[in-house]
Each structure stands twice: as C-alpha cells, then as structure tokens.
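Chemist: Structure provided below as structure tokens; questions to follow.
The values are calculated or read from the model by the stated rules, or taken from the named source; none is laboratory data. Predicted, not measured: the structure shown is a model, and the values here were computed from it. Every residue, glycine as well, gets a Cβ built from its backbone with ideal geometry; the counts of neighbours run over all protein chains shown. To get the accessible areas, we keep the full protein, side chains included, count just its heavy atoms, and leave off ligands, DNA and RNA. Shrake-Rupley method; radii C 1.70, N 1.55, O 1.52, S 1.80 Å.
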Amino acid sequence: MPRLRHLARAFFVATLGASATALVSPPALAQQPGGEAPAPPAVEPPVLQGFVEAPYPPEAEKAGLEGNVTLQLDIDAGGQVTKATVIDPAGHGFDEAAVEAAKKFVFQPARRNGRPVAARINYRYRFNLKVAPAPAAGPDAPPPKPKTLLRGVVTMGSSTDALEGARVRVRPLAGGAPLEATAASDGSWSLPDLPPGKYSVEVEAPGYEPLRVEEEVSAGEATEVTYRLNPAGSGFEVVVRGQRPPREVTKRTLEQRELTRIPGTNGDALRAIQNLPGVARPPGLAGLLIVRGSAPDETQVFVDGALIPIAYHFGGLSSVVPSEMLSKIDFYPGNFSSQYGRVQGGIVDIGIRSPNPDGKYHGLVQADLIDARILAEGPVPLLKGWSFIGGARRSYVDAWLGPVLEQAGTDVATAPVYYDYQFFLETKPSATSTLRLGVFGSDDALKLLLKDPFLEDPGLGGSLGFSTSFSRLQVLYRNQISNDLRLSAELALGTQNVTFGLGSLFFNLDSYPVTHRFEVSKRLAKGATLNVGQDIFYIPFDIALRLPAPPRPGEPDPGPFTGRPPLVQRESGALYQPAAFAELELQPHERVRLVPGFRVDYTRETKGWDASPRFNGRYAVRPEFPKTTIKGGLGVFHQPPEPQESSRVFGSPKIKSSRAMHYSFGAEQEITRQVEISVEGFYKQLDNLVSRAPAANNSSFEYGNLGSGYVVGAETLLRYKPDKRFFGWLAYTLSRSARRDNPDQPLRLFQYDQTHILTALGSYRLGRGWEFGARLRLVSGPLDTPCSGGLFNSASGSYACLSGAPFSRRLPPFHQLDLRIDKRWVFSSGARVGVYLDILNVYNRQNVEAVSYNYNYSQSVNTTGVPIIPSLGARGEF
Amino acid sequence: MPHPAPRTPPAPAPPPARPRARALAALALAAAAGCGGDFEPPSSLTTLRVLAIKVSPPYGKPGEPVQVEMLHYDGSPRSRGPDGRPRQVQILWLGGCHNPPSDQYAGCFEAIGQALAGLTPEDVAAGGASDVFGLGPAWGFTIPAEIVSRPPPGDGAPAYGLSYVFYVACGGRIEQDPGAQGGLPLRCVDPATGEPLGPDDFVTGYTPIYSYGEVSNAHPIATGLRFQGQLEAAPPLSCADAADCRAEGLGCAPDGRCLPKVPPCTAETLTDCPEYELLVDVDPASAEVDEASRLEGGQIFQESIWANYYSTDGRFTRQATLINDAQEGWVEGQETTWQAPNAPAGVVRFWAVVRDNRGGASWQIRDILVE
C-alpha cells in the first residue's frame, strides 16, 4: 500500500520566496554592484503556520496517480483563509481535497509596513504517492540496510517538460557540507545515502527563478519530489490588497514605482494622476485636477482623510506631499463611496506610509533644478514601539528667478518660493491597531512690485503679493478590533491662509479648519458589512477683501477692472458642514458585491440639507484568473456653493448646493497576470449649478441655482502592472461636457471639455540600474472664447475684448512626448544613489494653450505652451 | 531776425544694460509660461487711435454736468488724402446709459441701439445739444440726480452710481449698422467708396463715469515731458533752418521749431540701438488718498497712478510706467526709454498720458526730430 506524503508546505514557502522577490529584493540581490535597485521592504508575505493535510483522493490513490493543484488563496488580515479558488486543476478528486484542506490553513497574516493586511497568494498543493516499502525478506536474509534517498525531477514551470541541467544543492540544516546533483535530460536527479534529517534544498537553473525549500528525509525512506521552476520575471504573484475590498465602482490605485517613474512628472506622485483615464490635461504647467469634465474645484484631495486646500505648489511644479512619503494614492473619478461628499467631481485620497518597521534609521536626500527634499525615518529614541517619518522640501526657484526679475526692473520682496513639511509618529497600541500623530503643511509665497503695469489693465499694476499656506495637526487611529469589527477615526486641526494683493485690491482669508472623520465597520453576517460614520467640516474664518465682483464663465468680458468700485467685505464666521453616512457592503453570492449607501449633508451657510443616496455593484463573471468583472453605479452627489457664492456681499445666501447624478457602467478583464483592461462608460447629469442672473430690480446680478449640464463619456485603461522590468498603460477617454448658465440659454461646451485624451506610457528597467521611460499624450485642444474685436476703455487706456460665444472655439490638438532616464547604484552598505533626467516635450512641440491678441484685439496669434524642458535630479537614500 | 537762444540738450545716453536683463526675464518667463505673439506695441501709433478721454470732473456729481474730451491721433496710412491734406476724423458720443445690470458696459448696447434708432437728422444736425448724443472732440451731459442708487458694495463702502459714455472715432463717415455683432450698432465707411473701414480707421470705446455722494477725485497733474532729462523750452525756440538751432543736439523742424534731434538707429539689431530717456513730470500732490478706502474703515490706500507712452515712430522699452503705487506710494524709476527708428522720420511726437485708477487723466506732448 503506498504511503502518502505531502510537500505542500515546502512548496508554499518556495513559491512565496520566489514571488516575494518581485516585491522585496533579498539582500543578496540588492548588493550586487550595478544590479537592480531593490524595492523598499514594505511588504511581508503571509506565512503558513497551521497546515492541514488533505486526504489523498481514493480514486487517485487507487489508480496510482499523483497531482499538483494550484490554488489562489484569499487570506484576511487575521490570517484566516476566506476563499480558495482552483486556478490550475489536477482532477481526480485532487482539487476538492486541496480546497477543503486549504480553507483550514492558518497563516501569520501579510503585513504592509508592519500592519496586518489582507493578501492573495498562489499556493501549490502537491499530492505524491510514497513508494511502498520493499517486501519483507526471508528469515534467513540479512536485515535490510536502511536506504535513505532524496530524488526527483525538475520541470519547467507548470508543464511536465524536463529542465535539464538544473542544479540541486542540498545542505543539512544541522550543518555540514552540501551535496549537489544535476538534473539529467529527463529532469531527474538523485542524492542517495543521505543521513536522516532536515535539509535546505536550493534549485537553480539559468533563466529561472531559484527555488528554496526544506525537505525532511527519514531513515530508510526514499523521498521523491518534483520541483517546478518558474521562468524569471514571471514569479508567482503575491498581491497585498487594501484591508477592504473596494466600495466604489472604480478605484484606481497607483503603486509606488508607478508614482515616481512616470516621465514628465518629475517623479511627482500627484502629477501621475493626471495620466489616468478620465483626467483631462491641465493647461500648461497648471496643477489642476480636471476629472471627467468637471471643474477643478469639484474634486477634493485628502491626506489620510484630512481635506487639504491645495494639491500642488506654484504652477503645478510639484505636489504638497512628497512622493517618497506616500503609501498609495486612491483616485475615484466618480461614483465614489458615501464616506466622501461635498463635491460632484472626483476624489483623491493620499495615504501616508508607515515608517519602515525594521528598527533601523533610513534617510533620503533628493535635489533637482526646482527643489530639494529630505526624508528620515526610524524608531523614536526612548519611546519603545514608536517610530517616526518626517520630511521637508523647499524650492529654490527664488534663487535664480528673483535676481532675474530684479535685473528687469522689478522690486522683489519675496521671490516665488514654496516649501512643505511632514512629520508623523506612529505606534501600535495593540496587534490590531495603529495610532498616528502627524503634522504637515505647505507654504507658497510671492511678493513683487511691478513697475511696469499690466498693459491690459494698468490700474492693477504695482504691488503684487500672493501666498497660500496650510498646516494640519492630525490624529489618526485605526483598529481592526476583530474580524467583524473595525473602526477608524481621524481628527485634524489646522490653519489655512490665502492672501492676494494687487495694488489697492486684496483678499485675505485666515481660517482654522477642524475636520473629523469616524467610521465603524461591522460585519453583520456572512456577506454583509455595515459601515457607518460621520464627516464633520468646521472652519472658523476671518476674511477681508476688496475686489471687483468676479466674472463667471459665460459672461461677457467685463473689461479692465481699473476704476471699478471694489466690493468690500470684512467678516468673521464659521463654515459648518456636518455629514453622516451609512453604507452596506453586501455579498449575497461570492460573485456579487452590492454597496448601497446613503449620505446626509448639512450646510449651515445655506441652511440646506442634502440627501445623497448611492449604489454601486460588481459582478464577477469569472471569479478566477483570468477574472472578468462587470461593474456599475449610480448616485447623487451634492456640492455646497463656494463661500463667495453664498456670501452676503459677493453672492446670495439663498442659493443651495448644486447636484450631480453619476451613472457608470463598465467591465474589467484580466488578460494575463500582468495585463488587464478596464472599460467604463459614465454619464453625469448636473443640476442646480450656481450661476448669475439679473436681480429682480435689474440693477445688479445675483447668484442662483439656474445652471445645468451633463458630462458623458467612456474611458478605458489597458494596463501592464509593474513587474521586475516593466510597467505601463494606455489610457483613453472620450467625453463631452456641456453646461448652460440658465434655462433660457442653449447648452455650450464647458470650459474644461476635452473630447479625446490619450495617454500611453511605459517604463522599462534595462538592467544595471538603468531605467528608461516614455510618455506620449495626444489630447484635444483646449476651448477658447474668441474676441471679435475690442472696445477702448479710456479709464485704463486699454481695450476690452468683444467676446464671442463662450468656449466656442477649440484650439489645435495637443501632443507631446516626455522621456525619463534613471540610473541607480546600490552599494553593499545598502545605500542607494540615483540620478535622473526627465525631459518634458522632447520634440519641442509648439502646443497651443491660448490665443494672444494685440492691444485692440484686431490681430491674434496662438500662444504656445512649455518648450522642451530637461530636469536633472539626484537622489541618495539609505 | 534774432535767433532764439540755443538750448543744449544732453548727449544721447549710451545704451543701458536693460535689454539684456529684459531678455533674461523674458527667457525665464517664456520657459515657465510658453510663448505668445509679437505684435506692434500699443505705444506705436500707426493707425487711428484714441489715446485718452478726459472726464471732468473724474467722479460725476449727481445732477451736475460732466465734460468729456478726446485725445486722438490719426496715424493710419489713409490719414491723408490724395491732396496730402489730413482727413477729417468724425467723433461721435453716445450717453444715456446709467446703472446698467451688473455694471457691465455690454448691458448698454441694447439701450444705445434704441437711442440711435430714434435719432432724427435734426438731432444729428444739433449734435452736442442732447444728453445722449454729441459730435466733435468734446461733449457734455448731465448726470442724473438719482444716479447714486446702487446699494453700497460692502462693509463701509460708499454707495455709487455709474454712467457709461460710448464714443467712436472714424476716419470716414459714421453710419448706423443694426447688424453689427457684439458692439455698438455703428460702422465707419470710406466716404469715397462706401466700403466699411476696419480697426485701423475706426475706434469704438467707452468710459465709465462713477458718481459718489461724498467722494471726489482730481486729475493727476502732469507738468511736462522730459526728453533726456530736459523739459521743452517755453516758449519754444523758433528757427528758419538748422543753423538757427545752434545748440548741440537741436534741429530745425519744418514748422520752424528747434527740437531735440537724434540720429536714426543704424544698428543691426534693436537691442543695440541707443536708448533715450523720457519722463513725464507729475506733481506728487497728484497722489491722493483713495477716499473710498478711508470710508471703508480698513487699510487706507493711495491712488494708483501710471503713465502710458505713445510715439509716432521708434520704440519704447517700457510702454507704461508706474508712478504711484497704492501701497508703496511714490515709485522710483518712473522713466521709460525710447529707441529711434532706423530711418530719418522727421518730427516724431511723444504723448504721455497719465491716469489714476479713479478716472482721472491728463497728458503731455513732446516733439523731437529724427534726422
């Protein structure tokens, strides 16, 4: 009777070891001079702690069959197997036996930056028949000599093709000289007469991922094994997921390498978002997020749940949080969860990463032509269990632009300068909880005296000052109390300042935002989780302004401001916008996921209540690889009026929130392990948009919820997920965004409408520390309001544009190629040094960004955007 | 006949280093913001141009008359007829638009069109007699007594009223054009051919006139225009020929005045041309306190005052210069520089129009010779 022997555990460790290479480079590889730069060891794969032996299928055993079953296991943050899916079946009862056994496995959960997280792994469960002992000898025969043997075959991947020449090295764990064998033409090898005990087995072959397993050899037994080596670069996949499955229809998450290697972004993570489908190209270098035809102020940016007022420094040169400090950027182009509100466009939620958990100190210094930054992390001295991560950045554009402006006759009090800072302390009060204290902020400032007034509006010349700054003190607490209960709380206190001054006009806003989020997730039953929470937004403010009434898109050019009586306001008050939300995550079937949600917002400034029901759903047409998922959603999204729109001076306190209905439907399809495609159609119905209309006495305008419009489009993303060599994607969006300012007007294209947005990018590791990337963009031209002539305004001495239909002319298409070259050196000490060259607009395309007119609007010429701009940077880290 | 005493203007200043600095600044800004057009600067008067409208008083008083006066120059290639005589420039004034919606001038077009449609030949013949219509370089009308009917635009801000005056300057004949898009329902035609004339011969414009109950404003006081640091002699030196203008740097203009004389610029590039300094003298007393800001009770600002420069030939390095800043006060370095054309141009005229940001305006004119 054959005896059974399972090598599943050994194979599990081996395959994880191979796959983890893609994510966490082992030290031996990292220390190779000129080798690939290792990724930071942020991910720890799950470790099998409780193995359950599957019964050998009687049918197979009777037939003398062996088999390998490859499973895909979903492991939750508690280490429990929540799902086992057969992705490489063996039949003959092996599959069912493997699944049943695997569901009872217990793992030490995967960890990201030390925190337990859910994970998905591939697991190969092997069924081998043990060779039956030799028949007993006759009574006169000498007792058989115990025969100890380790033998087997090496094959290519999951096939049965022999891998000739593979080298098998067996080293006793108890110590001793290693033994080696080489696979023959049929892949077989053999090591006889091994002493009983445990051995470390290393299997290597050129072009294949090395395999390391442990084997135990018993006295007098022959142990037969089959080792399958995977081709290099296609190692088994470990995908460490967020702690929760997505609640949204579309959630795009960029990985660290993607965030920092996209050409044309200077390694800036937030600028990387501008390459995703659904995101329009911002004009010039502007740091704007234009999501699915919405205005930039209809998209919000959060840092771990805390709303920040700006995402980018001056001119979009870089974002206010350095890429090196991010763990993720979640981008929701629409139909986002009920936990978010107050906008009708999209959401960007930036995650700050935890400090490196290895107990060592690490640092980074980076400098390029625009700014320099430092970052440090490690344990906090004298505070056991606490670690920190901190960074700072300052631009030095002022170092060269200031003198240039002064030479040109401009008095420079403060040349354009920005800086930002971040410091976080983190600890784990318990095995399941995380507490983080942080402070972060940003400052941009500029102050000039323009001795040459603006020719277009000379009365606005003279002193020009601008600054915007914010700071946040944040407390963040998360606790996975049990498998069924999770809570997260965030409280942020801060300051926010915006000042603008031009001659006798100014705008000063000092505010002190308090934002608070609290969410509890409770698993009610199998397949049903309830998320409830609150989202409070309270901003005391002091405002002083002296400005002309701001024109709105669609209104005629008001002409030069010179001489116009400014509106004046000095006020202290507080914006108060509390909200509550509830969301039910339902999984009535393993393939179906339904997320109904509801959110209620109150806006004290308008005394308005907004109820926003939402519903998202996903259906796995094919749950196993290659997965096919269809998805869809619909929901209501409200956005309160801007403060100036509900201001008693500038606007009308009577107006209400604008409203958008989001509809989307799409599909996701895995093509290979690395390649996936998603297609999604969307439609947004916009109502109650704020616009201006003549007041009842016809002597002035007032704000009203008179506008409406829609956005319709489709977006697709063909993505090659990052592997050891390459990442890239092809994103295309087709859309149309149209609005009207009041019901009597026809629909017109909205200012930010871009019909076609095509982005193709990729980055390839060439080896020896070199990486090369390229990005090509082809986008419809921006919209423009033509001027049909000019009227001379004698108060200013300049002309006013006789404007035609608003945004009725599209400028020529935009296309641009950007390249990026990185070179990194890795030293044996673990230090890494890199330099990069990021070249914007390689072929110096003269892309049209706007139209310039002569002084009386009788002649025009296209204004082109940025020329070729190389940016050289250097970086060192340890 | 006695010759006027010669004046000794300073020698032309050497080209300063400014062009290079400006080039650096332009390079920096171009790198940041891309490139735009390279048009004829607004200071070059090569077409029919309205340079300024002087509204007196700058802030109208309810129920009181206001005078408007146009400063214009006809630099169009068609400014002289076949006989060499300058053509007549027709000037038309249109008023009667008070407190339009949202203070927008565009809100007046409909009312202006209706007023024009109601004009009779008699009205035209009596041009200037109406509060809504006038002809010629100056005109007057009366501000409505109830003009200050707007609510105050904010905390402490004074209430105001707004009147718009529109005008056209036409190098031909003004006709009504009800089909005109986006502007006044008028056109300017060549009297000989009847063909419409374009923006080189037809200027339309508007001036806003604000009225306050308590706030007043005075025009900035421009006292002279210095060329290379020198004011024009008063009275001007007269001459019959160049020999009469004995001082170095003076030449005799065809109209018998001795004028500063500079050579044409023969340098290959404009940046190598000599630069001549121009500075409009403005009495510092012109810098009034912005009364509205005082009434608002917050920061008190001064007027912004600046000068626009124009010339019939050559190029200015600064088209406009700041004279008084609302926050910083009187500004150092108010001058501009001018570069001569590359060919003899005869008499070149300069204008410096000084404006404040509350509707005040005044100007100075100066001639030189380029020979």
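Chemist: With +1 on the Cβ of every Lys and Arg and -1 on the Cβ of every Asp and Glu, and nothing else charged, how large is the dipole of chain B about its Cα centre, in debye rounded to the nearest 20? Walk me through the intermediate numbers first.
Modeler: Numbers: 25 positive and 44 negative charges, 129 e Å.
Computed charge dipole of chain B: roughly 620 debye.
Chemist: Please list, ordered by chain and number, the residues whose modelled amide H lies under 5 Å from the amide H of residue B:346; skip anything fewer than 5 residues away on the same chain.
Modeler: The list, which skips near neighbours in sequence, is B:370.
Chemist: Using Cα pairs closer than 8 Å and at least 6 residues apart in sequence, work out the relative contact order for the range A:557-697, in percent. Could the numbers behind the result be given before it?
Modeler: Numbers: 271 pairs, mean separation 22.7, N = 141.
Once normalised by length, the contact order is 16 percent.
Chemist: Could you work out, residue by residue across B:148-155, how many beta carbons of other chains sit within 10 Å of that residue's beta carbon, and then give the average as an integer?
Modeler: 6
Chemist: Taking only protein heavy atoms and a 1.4 Å probe, what accessible area per residue, in Å², does chain B have with all protein chains in place?
Modeler: Result: 42 Å² of accessible area for each residue.
Chemist: Which Cα, out of A:737, A:788, A:766, lies furthest along the positive dipole direction of the range A:657-792 (beta carbon charges, K/R +1, D/E -1)?
Modeler: Farthest towards the positive end: A:766.
Chemist: Please name whichever of A:548, A:470, A:518 sits farthest to the positive end of the charge dipole of the range A:418-552, dipole taken about the Cα centre and charges placed at Cβ: Lys and Arg +1, Asp and Glu -1.
Modeler: The Cα lying farthest towards the positive end belongs to A:518.
Chemist: Could you look at the range A:604-733 and say what percent of its accessible area is carbon and sulfur, using a 1.4 Å probe and all protein chains?
Modeler: 60
Chemist: Short version: ³J(HN,Hα) in whole Hz for each residue of the range B:167-180, in order, from phi by Karplus 6.51 cos²θ - 1.76 cosθ + 1.60 (θ = phi - 60°), x for Gly and Pro, what are they?
Modeler: For the range B:167-180, the Karplus-derived couplings read 8, 9, 10, 10, x, x, 10, 7, 10, 6, 9, x, x, 4 Hz, x marking Gly and Pro.
Chemist: Next up: For the range B:82-119 and the range B:344-359, what is the separation of their Cα centres, given in Å?
Modeler: Taking the Cα centre of each part, the range B:82-119 and the range B:344-359 sit 25 Å apart.
Chemist: Can I ask one more? Any chance you could check the range B:325-365 for residues losing 10 Å² or more of accessible area when the partner protein chains are in, compared with the chain on its own (1.4 Å probe)?
Modeler: Buried-area filter returns B:325, B:326, B:327, B:328, B:331, B:332, B:355, B:357, B:359.
Chemist: In nm, give the distance between the simple-model label positions of residue B:299 and residue B:283, each being 7 Å from the Cα along the Cα-to-Cβ direction.
Modeler: Here the answer is 2.9 nm between the modelled labels.
Chemist: Here is the link list: A:360/A:428; A:428/A:721; A:83/A:522; A:328/A:721; A:103/A:724. Which ones come out longer than 23 Å on Cα distance?
Modeler: A:428/A:721; A:103/A:724
Chemist: Give me the dipole magnitude in Debye, nearest 20, for the range A:467-598 about the Cα centre, with unit charges on the beta carbon: positive for Lys and Arg, negative for Asp and Glu. Please list the in-between numbers first.
Modeler: Values: 13 positive and 12 negative charges, 56 e Å.
The dipole of the range A:467-598 has a size of about 260 debye.
Chemist: Find the relative contact order for the range B:76-196 and round it to a whole percent, using C-alpha pairs within less than 8 Å whose residues are 6+ positions apart.
Modeler: 31 percent.
Chemist: Using a 1.4 Å probe on the protein heavy atoms, what percent of the accessible area of the range B:278-371 belongs to carbon and sulfur?
Modeler: Result for the range B:278-371: 43 percent of the exposed heavy-atom area is carbon or sulfur.
Chemist: Which order do A:164, A:680, B:371, A:571 take by accessible area at a 1.4 Å probe, largest first?
Modeler: Largest accessible area first, the residues go A:164, B:371, A:571, A:680.
Chemist: I'd like the FRET efficiency for residue A:49 and residue B:145, computed as 1/(1 + (r/R0)^6) with the beta carbon distance as r and R0 of 56 Å, rounded to 0.05.
Modeler: With R0 = 56 Å, the Cβ-Cβ based efficiency is 0.05.
Chemist: While we're on this one: Once the Cβ-Cβ distance between residue B:214 and residue B:69 is put in as r, and R0 is 35 Å, what FRET efficiency do you end up with, to the nearest 0.05?
Modeler: That gives a FRET efficiency of 0.85.
Chemist: Right, here's the next one. Find how many whole Å separate the alpha carbon centroid of the range B:203-276 from the alpha carbon centroid of the range A:812-878.
Modeler: Taking the Cα centre of each part, the range A:812-878 and the range B:203-276 sit 47 Å apart.
Chemist: Separate question: What does the average come to when, for each residue of peptide A:597-609, you count the partner chain Cβ atoms lying within 10 Å of its Cβ?
Modeler: 0
Chemist: If you don't mind, another one. What size of dipole, in debye to the nearest 20, comes out for the range B:58-198 about its Cα centre when the only charges are +1 on Lys and Arg C-beta atoms and -1 on Asp and Glu C-beta atoms?
Modeler: The dipole magnitude comes to about 360 debye.
Chemist: A plus B alone minus the pair: what accessible area, both sides summed, probe 1.4 Å, in Å² to 100?
Modeler: 5500
Chemist: Sticking with this structure for a sec: Before anything else, pin down the relative contact order of chain B: Cα pairs under 8 Å, at least 6 apart, normalised by residue count, whole percent.
Modeler: Value for chain B: 20 percent.
Chemist: Let's test the formula: R0 of 25 Å, r as the Cβ-Cβ distance of residue A:481 and residue A:587. What FRET efficiency results, to the nearest 0.05?
Modeler: The calculated FRET efficiency here is 0.75.
Chemist: So how do B:147-159, A:336-348 stack up, highest first, on mean other-Cβ count within 10 Å?
Modeler: My ranking of the peptides, most packed first, is A:336-348, B:147-159.
Chemist: Let me ask something else. Tell me the label-point distance for the pair residue B:342, residue B:330, using the 7 Å Cα-to-Cβ offset, in nm and rounded to one decimal.
Modeler: Those two pseudo-labels are separated by 4.1 nm.
Chemist: Using 0.36 nm times the number of residues separating residue A:576 and residue A:846, minus their current alpha carbon distance, what extension gain do you get?
Modeler: 92.5 nm
Chemist: Is there a simple number for the mean count of other chain Cβ atoms within 10 Å of the Cβ of residues in B:293-299, and what is it?
Modeler: Neighbouring Cβ atoms belonging to other protein chains average 4 per residue here.
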